[in-house]
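This report concerns only the one structure given below.
The values are calculated or read from the model by the stated rules, or taken from the named source; none is laboratory data. All of these numbers come straight from a predicted model, not from anything done at the bench. For neighbour counting, all protein chains shown are included, and Cβ atoms are generated from backbone atoms with ideal geometry for every residue, glycine included. Remember, those area values only see protein heavy atoms, side chains included, never the ligands or the DNA or RNA. Shrake-Rupley method; radii C 1.70, N 1.55, O 1.52, S 1.80 Å.
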Amino acid sequence: MISDSSHYSLQLVYVPQENFASLLDEYKGRILGVLIYSALEPELPQEGFPCTWVALPVIGDDACYEVWISARPVTIMGGAPLSLSTDGSILFGSMAFPETGAGGLESMARSAYSAIFDALDKEGYPSLLRVWNYFSRINDEDGGLERYREFNVGRHEAFCDKGRAIGGGGVPAACALGTRQGDLVICFLAGKVPGIAIENPRQTNAYHYPRDFGPKSPTFSRGVLVGDSLIISGTASIIGSETAHPENVTSQLDETLENLRLVISQARERGFATNDPAQLYLNVYLRYGEDYASVRSRLDAEFGDTAHIAYLQADVCRSDLLIEIEAFWMPCR
Ligand code: 3EB
């Protein structure tokens, strides 16, 4: 049988800690990987699939387990520091690097992304589709440069080192958030065939941001269509390349929602057909926990009560941004 690598069967589930054990039973052998959002370090499962702790407080709960599942059997490849799994069409990976200080964040980002690209080439999943990036003190300066910008330099260099095209559909959907503590954590999805990169006509493509936002631009697209599912990158109150409404969370949320609508409408032009909010998963990153009540009532009104929404407290990658929202929207299966 010839496997059709363009056919994906990705599924996402969010569960609290107390439901994770039964989910492990229910989806035994089909879990690609897990991101555990929690202020406190959790016990990691022993099953061997990629699983990482993301040190962010979950607003209204102790932890949120973001579980990526396939409809097909999953093979666990293990590995350290890069842990891998696959269902034959998607490769899931996770890595956690302690920041030792040697070389700094720029060189860590460069070697982490270089290791990822080497693994994609070796395993035969050359298309990087989606990346999660988390590290501490994202808005602090190290050696005169904000750490987020330092990270962007290293990430950009790895794309160049490995001969990866920046632009023209070659960059993944992504998010980059600041944690309270701990390692540089990177998770990713890669495919045998490219996804369809989506950009936002109201925003400068991130890889074309002017130098005011750092010496090297961030290498991500606004979204990626993966089969019939849409992955939307971290989305914020940015128009063109500028932050709109610094320090006003209500207005930032309005602009963020408008940017989400625009990304979704671009995806619809490329064939994305899902409408049901019951299959929509959102991560809402708030700089200040105090903004939760007002943001939540607005998002409940926007998406109804069937959408799955995790509220996480995180530093957003520009110090004037108060909110960032990312999403995964899959068709009913
Ligand atoms: C922005 O639009 C907001 O550096 O990987 C969103 C998604 C943002 C991904 C990244 C950054 C990243 O520029 C920040």
note: the stretch 60-193, Cα-Cα separations exceeding 28 Å make up a percent value of 18 percent
Within the set Gly191, Gly60, Gly79, GNM on the chain using Cα springs under 10 Å gives the largest fluctuation to Gly60
The chain, Gaussian network, Cα under 10 Å: of Ser229, Ser294, Ser241, the residue fluctuating most is Ser294
Quick numbers on the stretch 151-201, Rg and Dmax over C-alpha atoms in Å, give 13.0, 36
Answer in debye to the nearest 20: the dipole magnitude of the chain about its Cα centre, from +1 Lys/Arg and -1 Asp/Glu charges placed on Cβ, is 1020 debye
Heavy-atom accessible area of Thr75, protein chains in place, probe 1.4 angstrom, given in Å² to nearest 10, is 80 Å²
Given 37 °C, 0.692 mPa s and a Kirkwood radius over Cα pairs, the Stokes-Einstein diffusion coefficient of the stretch 1-86 in µm²/s is 239 µm²/s
At the level of C-alpha centres, the distance separating the stretch 282-332 and the stretch 79-116, in angstrom, is 27 Å
On the accessible surface of the chain, probed at 1.4 Å with all protein chains in place, carbon and sulfur together account for a percent value of 49 percent
Checked the stretch 191-333 with the C-alpha gyration tensor, a ≥ b ≥ c its square-rooted eigenvalues, rounded below a/c of 1.5, otherwise prolate if a/b is larger than b/c and oblate if not; verdict oblate
Computed on Cα atoms only, the convex hull of the chain has an orientation-averaged projected area in nm² of 15.7 nm²
Quick calc: nm separation of the 7 Å Cα→Cβ label points for Tyr288 and Glu26 -> 3.7 nm
